[in-house]
Amino acid sequence: MQVYKENILIVDDDFDMLEVLQRNLKAENYHVYKASSVLEALDILKNSKIELLITDLQMPGLNGMELIKYASDNFPDLPKLVITGFPSVDGAVEAIQAGALDYLSKPFTRKELLKSVKKSLAKATFSPKKESPTQTETKVYAGMVGQSPAFHKIVDLIDRVKNNRATILIQGESGTGKELVARAIHYKGSYAANPFIAVNCGAIPENLLESELFGYVKGAFTGANETRPGYFQAANGGTIFLDEIGTASQAVQVSLLRVLQEKEVRMLGARNTDKINLRVIAATNNDLQEMMRNGSFREDLFYRLNVVDIQVPPLRDRKEDIPSLAHTFLKKYQSEYGKKELKISPKAIEILKKYNWPGNIRELENVIQRSIIMSEDIIDVAQLPSWVKHQMPEIDPGLISLKEIEKQHILKVLAMTEQNKTKAAEILGIDRKTLREKLK
Ligand SMILES: Nc1ncnc2c1ncn2[C@@H]1O[C@H](COP(=O)(O)OP(=O)(O)OP(=O)(O)O)[C@@H](O)[C@H]1O
Ligand SMILES: [Mg+2]
């Protein structure tokens, strides 16, 4: 795994185009910011170290030519690459006169894109060749601990985005540390003195979500006895963290889309809207791509949120982090449980490293807490929970029968419930008698 290379800002009003560009550039390890309008692009340009600007020319509102001119005046060293919608040589010539280094006319291939990008970056007067050392030392960053290359990559990303207000979408399985990443972005960045407001979109009742998010004015509905600001107003100047965004209802998705587009909110019952200036970070463990396919998540909202995307990898894909995390949790909890100077045996660490961690870092944290309670002065293999010690081998469903899958699954659930048949039967959705028969 490599640390990201240059920061590239891509600007196009066509979301599909942005996606294609992002995918191709990310595959080459560039770090990508997306903007769907010139105004959004200006915001990112001012606050981030952008090292290459790629922009479409034809856009509603301010167009790409104006962006090129602005960038040439204010960031003369920044290489600029122009994408032209139709083979209008005139536009390209004008863009080059305004400071663009090169142009690509649609449609172009991945190869042509990467060639132009490399060429533009190489022509830049500052060419920040970034080495990608394989860092392996333990790093502590805003309460996060890790030493894997994947962890260093996340920290590097946070450093790049923390000082601007570009919207960020954090995706990853449950318990991987998404909220910690969101907090790190806020508290390490330039707006740390302003509020960080976390909103769990799944926890607020549907009928209250709008008034909670956007506030209401006195008399907006029966019971609205006073004017009350919502989360968005409270977070103004800082960061609003929209957690579990995949659980937001259709109505809320529409409202959020409007806020992201207009950068203003309207309190329930108010005549006017208020301008807001904040950073939106959304997080989810849902597969939003799948939700877009089946129509439960709006595509336009996804693209608005996904200006910068951060994927937090599961713990099983960065097992190098396990020892430092285990020791951190040990330090954190031992005094809480009245133990002092507990140790973890190397053998126990080995076992922790072999386990698959479906619940990710949260599960590791729980396992360490539990083991602390079970231990006197050392956490050894004996003190680890049985499901961690007796992990079932990975099933390759391509090669075994349904009957075999059933057997393996039953044994796995039994191991995880520590052979508690009542609990296992409940999880498996069968009664105890059926379970007993199957076990024979
Ligand atoms: N790198 C890390 N170093 C130390 N602790 C961590 C790290 N990452 C996560 N944790 C801890 O793991 C737990 C889960 O993290 P967090 O709540 O951020 O996960 P999440 O991805 O938001 O999970 P969910 O999807 O279930 O909401 C927290 O107690 C957090 O403090
Ligand atoms: Mg969370």
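Take the Cα of residue 264, step 7 Å toward its Cβ, do the same at residue 439, and the gap between the two points is 6.6 nm. In degrees, nearest 10, range 0 to 90: what is the angle between the Cα axis of helix 149-161 and the longest Cα principal axis of the chain? So the helix axis and the longest Cα principal axis differ by about 40 degrees. Per-atom-type breakdown for the chain gives carbon and sulfur 51% of the accessible area (1.4 Å probe, protein chains only). The alpha-carbon atoms of the stretch 201-350, seen along their principal axes, cover 65, 40, 26 angstrom, with the largest extent given first.
Just the ratio, please: alpha-carbon radius of gyration of the chain over 2.2 N^0.38 Å, N its number of residues.
Working: Rg = 25.7 Å, N = 440, 2.2 N^0.38 = 22.2 Å.
In units of the globular-protein estimate, the chain measures up at 1.16.
Evaluate the Debye formula for the stretch 274-407 with equal point scatterers sitting on the alpha carbons, no solvent, and hand back log10 of I(q)/I(0) at q = 0.09, 0.18, 0.20, 0.21 Å⁻¹, in q order, two decimals. The calculated log intensity ratios at q = 0.09, 0.18, 0.20, 0.21 Å⁻¹ are -0.45, -0.99, -1.09, -1.15. Of the listed residues 232, 108, the order by accessible area with a 1.4 Å probe, largest first, is 108, 232. When the chain is modelled as a GNM with alpha-carbon springs shorter than 10 Å, which of 115, 178, 162 fluctuates the most? Result for the chain, Cα springs under 10 Å: 115 fluctuates most.
Non-local lysine pairs in the stretch 250-351, meaning eight or more places apart or on different chains, with alpha-carbon distances under 29 Å, amount to 15.
Partners of residue 403 within straight-line reach, counting lysines whose Cα lies under 20 Å from its Cα and excluding those fewer than 8 residues away in the same chain: 412, 421, 433, 438, 440.
Taking all protein chains as shown and a probe of 1.4 angstrom, residue 336 keeps an accessible surface of around 120 Å². Once the Cα atoms are used to define both axes, helix 15-27 deviates from the longest principal axis of the chain by about 60 degrees. Summed over the residues of the chain and divided among them, the accessible surface reaches 50 Å² per residue at a probe radius of 1.4 Å. Counting only heavy atoms of the protein chains and using a 1.4 Å probe, residue 39 has close to 120 Å² of accessible surface.
With both bridge residues required to lie in the stretch 140-311, what share of the DSSP beta bridges run antiparallel, to the nearest 5%?
20 percent
The alpha-carbon positions of the stretch 321-388 define a convex hull whose volume is 73 Å³ per residue. Accessible surface comparison of 387, 357, probe 1.4 Å, protein chains only, largest first: the order is 387, 357.
For the stretch 7-123, the orientation-averaged shadow of the C-alpha convex hull comes to 6.2 nm² (one quarter of the hull surface). Helix 64-74 against the longest principal axis of the chain: what's the angle in degrees, Cα atoms only, rounded to the nearest 10? Tilt of helix 64-74: around 90 degrees. Taking all protein chains as they are arranged and a probe of 1.4 Å, the heavy atoms of residue 374 leave approximately 120 Å² accessible to solvent.
Where does the charge balance sit around residue 347 when Lys and Arg score +1, Asp and Glu -1, over other residues with C-beta under 15 Å from its C-beta?
Surrounding charge for residue 347 is +2.
Here's the picture: charge each Lys and Arg Cβ at +1 and each Asp and Glu Cβ at -1 in the chain, and of 189, 223, 358 the one pushed furthest to the positive end of that dipole is 358.
Just from its helices, what would the mean residue ellipticity at 222 nm be for the chain, if runs of 4 or more DSSP H residues each count -39500 (n - 2.57) and the sum is divided by every residue, rounded to the nearest 500 deg cm²/dmol? Could you put the intermediate results ahead of the total?
Details: 19 runs with 194 residues, N = 440.
For the chain, the value works out to -13000 deg cm²/dmol.
The values are calculated or read from the model by the stated rules, or taken from the named source; none is laboratory data. It should be emphasised that the depicted structure is a prediction, and the values quoted were computed from it without experimental measurement. In this analysis, Cβ positions are derived from the backbone assuming ideal geometry, glycine residues included, and neighbour counts consider all displayed protein chains. Please note that ligands, DNA and RNA were not included when accessible areas were found on the heavy atoms of the full protein model with its side chains. Shrake-Rupley method; radii C 1.70, N 1.55, O 1.52, S 1.80 Å.
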